[in-house]
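Read the figures in this text as sums done on the coordinates, not as results from a lab. Everything quoted here is computed from the prediction, not taken from an experiment. Methodologically, a virtual Cβ is constructed for each residue, glycine included, from the backbone with ideal geometry; neighbour enumeration extends over all protein chains shown.
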Amino acid sequence: MNSNRFVPLAAFSLALILAFAVPGRLAGQDNKTPYPSMAPLEQYLMHRDAEIALARSAAPESISHDATVLVLGRHGYEIAVEGKNGFVCAVERGWMSPADAPQFWNPNIRGSICFNPPAARSVLPVTYKRTEMVLAGRTKAEITDGNKTAFKRGELPALEPGAMSYMMSKEAYLTDDGDHNLAHLMFYTPPLDGKVWGADLPKSPVMLNPQFKGAQPIDVFIVPVGRWSDGTPAPVM
Amino acid sequence: MMNGKKFGAIGFLIFALVFPFAALPLSQGQDTHNRDKPGAYPEMSPLEHYLMDRNAEIALARSAAPEALSRDATILVLGRHGYETALAGKNSFVCVVERSWMLAFDDSEFWNPGVGLPLCQNPPAARSHLPLTFKTTELVLARRSRKQMFDSIKAAFDQKELPMPEHGSMCYMMSKQQNFGPKFGKADPHLMFWFPQPDHMAWGADMPDSPVDVHQYSPQPITEFTMSVAKWSDGTVAGANQR
């Protein structure tokens with residue numbers, strides 16, 4: 001861990017995103033996860049209109065207004081609103097974290113996200129696949145293995161160039177820690193050494209997120225932004 | 001190179017305060033009065049006006065990225081015959097101060113010797129995008145006109161003498177001393193990402209409240225995304241024009 005980054009940031013620790021988006025950095029800090037297994041499905045579900053609004057809040061309204069919006073139902077994600085700009089907004093749950101993330105089964109996690117068109121075609125299917133396995137009662141290990149196997153079999157598409165997503169919702173809940181949230185963008189690449197983007201160095205705005213570690217050959221780079229999707233200032237880290 | 005239209009009125013006001021200082025590292029012997037006037041340089045100035053003190057240029061180039069990254073980067077400086085390696089690095093990043101001629105060919109500040117654009121390119125960009133800087137600078141030093149430069153760059157891409165951006169090409173532009181000229185001043189700290197233009201894709205760029213801008217500078221077959229970040233390379237908060 002890059003300790004320099006954290007010293008002045010106690011009030012807005014990276015911990016807030018680590019549990020959901022960058023779990024690797026915190027994994028060693030808490031071996032006793034408070035969420036050892038899946039909670040009753042109802043705890044992960046939301047009121048439909050609230051979920052639509054939360055999903056849309058991931059990106060500026062100028063983008064999410066015309067996006068397709070998904071909501072999580074008892075049988076998986078379903079389209080609540082048909083869009084027309086190729087973006088797809090959804091609220092991801094804790095199981096989109098790596099298997100070793102302490103909050104993988106945290107029913108409070110609400111990861112609002114808007115995928116751009118390349119990501120909607122090539123990254124979002126992973127969300128569908130993992131959610132399908134969750135709803136089928138699979139364990140974390142089975143989900144990771146199932147993700148890996150599905151990719152190897154060609155059931156999941158190859159990553160498209162330029163895949164990225166917005167996570168700028170002020171209302172998202174990414175972790176139990178800190179302020180629970182962080183306004184950021186995510187960029188998806190084939191596996192790169194994090195050093196290639198200067199990730200995780202002191203004062204670098206780039207962080208490598210091992211979201212798909214062990215499951216699929218996708219690297220995720222996180223870059224925080226200074227504003228929430230509604231244009232109001234976000235805490236600076 | 002970004003056009004900076006994101007910065008708008010706030011950026012312009014900030015420029016009014018910082019530009020006289022931001023411009024100092026470049027062309028110190030030159031009349032600085034004209035630099036405050038948009039489009040004050042319709043033609044190339046004497047080469048000396050674009051050159052810098054070597055140590056100052058090294059420091060300015062390094063300031064494009066956090067010190068943890070730039071201290072191990074290769075540093076280039078502009079000499080009378082083109083860019084040359086001032087310091088050999090070991091992390092495969094390359095930091096350089098680009099001059100005004102890396103702005104768009106139709107940019108009013110194209111020949112403004114006060115423009116200084118420090119950036120640190122990551123390894124894929126250093127391999128695949130930095131050659132464009134070398135080529136453009138070579139044409140400048142050969143005293144080609146903008147039209148001749150445009151044609152030469154286009155031909156170089158058409159004939160594949162200039163490479164397309166490698167996957168993962170990006171750079172840091174986080175120097176507090178960067179200067180885009182009278183209109184945008186030092187603008188925001190930001191990252192830039194390059195893609196082959198045929199891969200032009202929707203990033204939600206240039207939309208209201210989006211932190212992403214997109215640029216496509218003819219004749220380069222390249223799509224450039226810029227993304228504002230919250231802090232300068234020294235860790236200080238960027239300020240009011242950050243978004």
With 10 angstrom as the radius, rank A:Val225, A:Val236, A:Val126 by how many other C-beta atoms surround their C-beta, starting from the fewest. A:Val236, A:Val126, A:Val225
Given 0.36 nm per residue, what is the gain on full extension from A:Thr139 to A:Glu155 after removing their alpha carbon distance, in nm? 3.8 nm
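Hey, which of these cross-link pairs are over 23 Å Cα-Cα: A:Lys170/B:Lys186; A:Lys152/A:Lys213; A:Lys140/A:Lys213; A:Lys129/A:Lys152; B:Lys183/B:Lys231; A:Lys195/B:Lys231? Please list the in-between numbers first.
Details: A:Lys170/B:Lys186 29 Å; A:Lys152/A:Lys213 15 Å; A:Lys140/A:Lys213 13 Å; A:Lys129/A:Lys152 13 Å; B:Lys183/B:Lys231 21 Å; A:Lys195/B:Lys231 20 Å.
From the list (A:Lys170/B:Lys186; A:Lys152/A:Lys213; A:Lys140/A:Lys213; A:Lys129/A:Lys152; B:Lys183/B:Lys231; A:Lys195/B:Lys231), the Cα-Cα distance tops 23 Å for A:Lys170/B:Lys186.
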Sorted by Cβ neighbour density within 10 Å, fewest at the top, the residues A:Ile52, A:Ile113: A:Ile52, A:Ile113
Hey, can you grab everything whose amide H is under 5 Å from the amide H of B:Lys231? Only 5+ residues off in sequence or another chain; H modelled, so Pro and N-termini drop out. B:Ala238
GNM, chain A, Cα, under 10 Å: largest mean-square fluctuation among A:Asp49, A:Asp177, A:Asp219? A:Asp49
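For the range A:116-200, state the semi-axes of the equivalent ellipsoid (square roots of 5 times the eigenvalues of the alpha-carbon gyration tensor), sorted largest first and rounded to whole angstrom. Present the calculation step by step, with values, prior to reporting the outcome.
On the way: eigenvalues 109, 78, 38 Å².
Result for the range A:116-200: semi-axes of 23, 20, 14 Å.
Around A:Gln216, under 13 Å between beta carbons, what's the net of Lys plus Arg minus Asp minus Glu among the other residues? Kindly include the intermediate steps, with their values, before the conclusion.
Details: positive: A:Lys129, A:Arg130, A:Lys148, A:Lys152, A:Arg153, A:Lys213; negative: A:Asp145, A:Glu155, A:Asp219.
Net charge around A:Gln216: +3.
Among the GluC sites (Glu not before Pro) within the range B:130-233, which fall in a DSSP loop and have no more than 15 other Cβ atoms within 10 Å of their own Cβ? All intermediate terms of the calculation are to be shown ahead of the outcome.
Numbers: sites: B:Glu138, B:Glu161, B:Glu166, B:Glu224; in loops: B:Glu161, B:Glu166.
Those satisfying the criteria are B:Glu161.
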Assertion target for A:Tyr188, A:Tyr128, B:Tyr83, ordered by fewest C-beta neighbours within 10 angstrom first, is A:Tyr128, B:Tyr83, A:Tyr188
³J(HN,Hα), Karplus 6.51/-1.76/1.60, whole Hz, each residue of the range A:49-63, x for Gly, Pro: 5, 5, 5, 4, 5, 5, 4, 5, 6, 5, 10, x, 4, 4, 9
So what does the Cα-only Debye profile of chain A read at q = 0.11, 0.15, 0.17 Å⁻¹, as log10 I(q)/I(0), no solvent term? -0.51, -1.01, -1.35
Which of the three applies to the range A:163-237, rounded, prolate or oblate, going by the alpha-carbon gyration tensor with a ≥ b ≥ c and a/c under 1.5 meaning rounded? prolate
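If you take every residue apart from B:Leu139 with its C-beta less than 13 Å away from the C-beta of B:Leu139, what net charge results, scoring Lys and Arg +1 and Asp and Glu -1? Numbers along the way, then the final one.
Details: positive: B:Arg99, B:Lys135, B:Arg143, B:Arg144, B:Arg146, B:Lys147, B:Lys154; negative: B:Glu138, B:Asp151, B:Glu161.
The answer is +4.
Rule-of-thumb check for the range A:69-166: C-alpha Rg over 2.2 N^0.38 Å?
Numbers: Rg = 13.2 Å, N = 98, 2.2 N^0.38 = 12.6 Å.
Ratio of Cα Rg to 2.2 N^0.38 Å: 1.05.
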